[in-house]
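To keep things clear, I will list the structure first and then write my remarks on it.
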Ligand code: SF4
């Protein structure tokens, strides 16, 4: 797995990249910001409640971490210590939908890279949806995939080239559609 340059970026760019590779370009080069939806506001409130509840139980929540190795940073929702290693918990303010699993999973894997660099070995990822928890062991393959995305975003930042549209089905639910329509390369 490659290491990064001095350029660093938030883990949220990995989530955006997985939704559509054009989005990190708009954020990095055009200063675009995601439209804040009612659902996002509700999600923030739910996160606050979750953090308070878990803090009372002595849990480590909302932890800001930075990876020098990979050049990424972000807030990890919850870090649990288990006998065999750490568990990274990512809270989702939505019900489980299979089509979003990949994005959510690899966002959490990026957080796992942060935890591994700052705490130690991560053995498990837990995605907490409103209706169910999805638990997965962290594998080398998952980590390599996330590092490949980090490298692609880094390359995009170096080259300054906007990726082309790959999956038009996503456009109707995209918070960056206005800037995307205005922007022509
Ligand atoms: S509108 Fe479509 S192509 Fe443009 S950023 Fe959003 S998902 Fe990507």
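In the calculated pair distance distribution of the stretch 9-182, what percentage of Cα-Cα distances lie above 23 Å? Tail of the P(r) past 23 Å holds 42 percent of the pairs.
Our estimate of slack between residue 173 and residue 28, defined as 0.36 nm per intervening residue step minus the Cα-Cα distance, is 50.1 nm. Given the options 103, 150, 23, which has the most mean-square fluctuation in a GNM of the chain, springs set between C-alpha atoms less than 10 angstrom apart? Evaluated over the chain, the most mobile residue of the options is 103.
Place a label point 7 angstrom from the Cα of residue 81 along the Cα-to-Cβ direction, then list the residues of the stretch 102-129 whose backbone nitrogen is under 13 Å away. What the label zone holds, given the 13 Å backbone N cut-off, is 119-121. Paramagnetic label reach from residue 47 (point 7 Å along Cα→Cβ; backbone nitrogen cut-off under 13 Å): within the stretch 148-173, no residues. Take every DSSP beta bridge whose two residues both sit in the chain; close to 70 percent of them are antiparallel.
When both the stretch 152-178 and the stretch 25-40 are represented by their alpha-carbon centers, they are found 12 Å apart.
The numbers here are math on the coordinates, done by the rules we state, and not lab data. All figures in this text were calculated on a predicted structure; none of them were measured in a lab. Neighbour counts are summed over all protein chains in view; Cβ atoms, including those assigned to glycine, are modelled from backbone coordinates with ideal geometry.
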